[in-house]
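This report concerns only the one structure given below.
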Amino acid sequence: MKKLIVITPGRTTAINLANQLNRFFGEYTEIKSFCLEDDFNFDITNSLVVISSREAIDERIMALMDKGMDYILARRVINHRYIEELLDLPRATEVLLVNDRPETTRISISQLQALGVNYIKYYPYYPGKVSYPKLDIGVTVGEPHLVPYGIKKLIDIGTRQIDVTTIIDIAHRLGLMDVLGDSLSSHYFNEIVELLNRISDGAKEMKLISNRLQTVANCTSQAILYTNKEGNILLVNDLMNNLLGFQEGNIIGKNIRDSLPVLNKLDANNESDIIKIRGKEFFVTRNIVEGRGSEEGRIYTFEKSEDIQKNEHEIRRRFTVKTNYYTVDDIIYRSDIMEKLIDKVKSFASTDSTIMIQGESGTGKELIAQAIHSLSKRAKGPFIPVNFASLHINLIESELFGYEEGSFTGALKGGKIGLFEQAHGGTIFLDEIGDASLEFQCTLLRVIQERQIRRIGGLKEIPIDVRIIAATNKNLEEEVRKGNFRSDLYYRLNVLPIKVPSLRERKPDILLLVNYFLNKYSKGRLVDLQEVLTVDAIKELYEYDWPGNIRQLENAIEYIVSISKTDKKVEKADLPDYILQNTINHGDLILEEVLGENMVWILDKIKNLDGVGRRYLAKCAEEEKVPLTEGQIRNLLNTGQSLGLIVSRPGRKGSYLTEKGYIIISKI
């Protein structure tokens, strides 16, 4: 985790602010303080720098900013806990307000007045100021050593503290909101309670409390309403006013039983509930504010039910890391072509180079990509898929690169992290990359080259460490020739090319895949295709070209399982129409004529058997009255072997079809 560095103009302020930050973050990170007199001997690459004010930014700080220093310019406020003595001063009392510089002195006076301590006459004093009234009372903001000679009464209200919004910003930057979010909320709600318990009949303190409490309450993300023990409303924040549709201050002083009678259902036994207000559902929580041993008032917080659901969904989406990615063990195959593919996958996984996967739709390109990720050194990192075919052209950059708050209409408060940043330390899968626009291809090329992204509306480059795997069902070389795809991007992506074969190129795998899908969709009831389909129906599955590949085969088996019966096999006529309508192919008839009916008979017999000998084929020919002798069968097997359709194994292992043989016989 980054170290926390505090930089202020003066040493006293540096020490006090470091002590404040230590109360919140000291358990989690190292905190160091510097003033402008010090040498800045810290590492900016491992530090979050909190700068107390603009006056603390000198040439050295600006140089560090230019080098990419991560910093926060703090917002600071008067510490209300130390102004008790000020409240006792009579109206129109003249005081000398002492601070270290003109600007901080002016800000201190302004913040005291905003808190409601505006009935005192302040005169600014700081080192170097020559003309100032000689007064008896001095008020200083943690700088008593700067008070001029002659002051008889000194009131030190302490160094201005870092405010709640800056504290929350620091927690976000350090990644500690999950750990500290509740405690920060509790801390500042306790401030509210402390302030409320100090309400008195005096107009001075009431004004102070009202202004200070309103400032703190408006910093929260929830609608808040506070009442005294009689139910009279003393405070609502801006979100609450918007919820109720009131102008600011119109509801103050009214009784909650009259203004929101629906809240009467909340009692000692039911401190939270779902309540409908103005047609919307809210999750409302009531907390008792106690003081001096008895109830002083009640705080109600309101959250939209839909916001709770959205936040829960976002938290799960952002912080749930999927680890059960596909591996090579999930790839079902026995064909030689797939064996070679898996060997290539294992080799490519050991590198960090960019991979291009090409293959028809439904061949399992993302499965291959996940298997590569699972075998790689990035296996414990995220795998982030992006489908360009499903992304609208106007959303691609904001989804991939993210955006800063306010960068466009509809941008989320706080901005949004992009998919490239989410993939940091892992793999990003750019699916259907052939559908990316030419304009975006140029942007993507720069990201691949520089390994940096810039959020929309952002000014700084963010380095990314990702492995890129792209995939497409298009012929990108042809798309390059047509001018639809940038050649430079193609060569950047096509470093390690992988061609995923279509199902018609891996016919030996069909039976394995079919049995797998049978078992899956029957929930273990069916495990063998021959138990479900007739011989003719099985033949149709083999002979079909499967243009939709494995995805289409899976759909077909799901269909077959849904219509199967225990007492009757599924027949050819029961298969999906798209299979039956594709059985007649005149080109295949020509192929049958070229090979001859005897060779076709041999190939068909071998197709469903894992190794068959001449004698068995001669016996089948005799039984089926096919005019072939054992010698003729031997010649046909030799011819088939020379054509690359058959492989003959020595001994009794017999002959079996090659992948080419499966493809040929499936077309006849």
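The values are calculated or read from the model by the stated rules, or taken from the named source; none is laboratory data. Treat the numbers as computed from the prediction; the structure is a model and nothing was measured. Heads up, the Cβs are rebuilt from the backbone with ideal geometry, glycines too, and the neighbour counts pull from every protein chain shown. These accessible areas exclude ligands, DNA and RNA; they are computed on the full protein's heavy atoms, side chains included. Shrake-Rupley method; radii C 1.70, N 1.55, O 1.52, S 1.80 Å.
What the table shows:
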{"quantity": "Residue that is modelled with pLDDT under 80 and open to solvent by 60 Å² or more (accessible area, probe 1.4 Å), where the choices are N264, N287", "calculated": "N264"}
{"quantity": "Candidates E399, E421, E339 - the one that is assigned to a helix (DSSP H, G or I), more than 30 Å from Y662 (Cα to Cα) and either open to solvent by less than 40 Å² (accessible area, probe 1.4 Å) or modelled with pLDDT of 90 or more (or both)", "calculated": "E421"}
{"quantity": "Residue within region 346-353 that is outside any helix (DSSP H, G or I), surrounded by fewer than 19 Cβ atoms within 10 Å (Cβ to Cβ) and either at pLDDT below 90 or of a type outside the set (G, A, S) (or both) present", "calculated": "yes"}
{"quantity": "Candidates A349, A369, filtered to the one that is farther than 26 Å from I510 by Cα and aliphatic (A, V, I, L, M)", "calculated": "A349"}
{"quantity": "Restricting region 520-542 to residues that are more than 10 Å from V570 (Cβ to Cβ) and in a loop (DSSP other than H, G, I, E, B), the residue that is most open to solvent (accessible area, probe 1.4 Å)", "calculated": "K523"}
{"quantity": "Answer residue from region 115-140, given it is of a type in the set (V, I, T) and at pLDDT 90 or above and is nearest to E94 (Cα to Cα) among those", "calculated": "I137"}
{"quantity": "Options L135, L146; residue that is among the hydrophobic types (A, V, I, L, M, F, W, C), farther than 30 Å from V6 by Cβ, touching a Phe, Trp or Tyr at 6+ places or on another chain (Cβ under 8 Å) and in contact (Cβ under 8 Å) with a residue 12 or more places away in the chain", "calculated": "L135"}
{"quantity": "Filtered residue count, region 105-141, keeping only those that are touching an Asp or Glu at 6+ places or on another chain (Cβ under 7 Å) and under 21 Å from L17 (Cα atoms)", "calculated": "2"}
{"quantity": "Test result for E505, among the acidic types (D, E) and buried (at least 19 other Cβ atoms within 10 Å of the Cβ)", "calculated": "yes"}
{"quantity": "Qualifying residues in region 477-528 (those that are among the acidic types (D, E) and in contact with a helix residue (DSSP H, G or I) (Cβ under 7 Å, 6 or more places away or on another chain)) - the one nearest to T443 (Cα to Cα)", "calculated": "D488"}
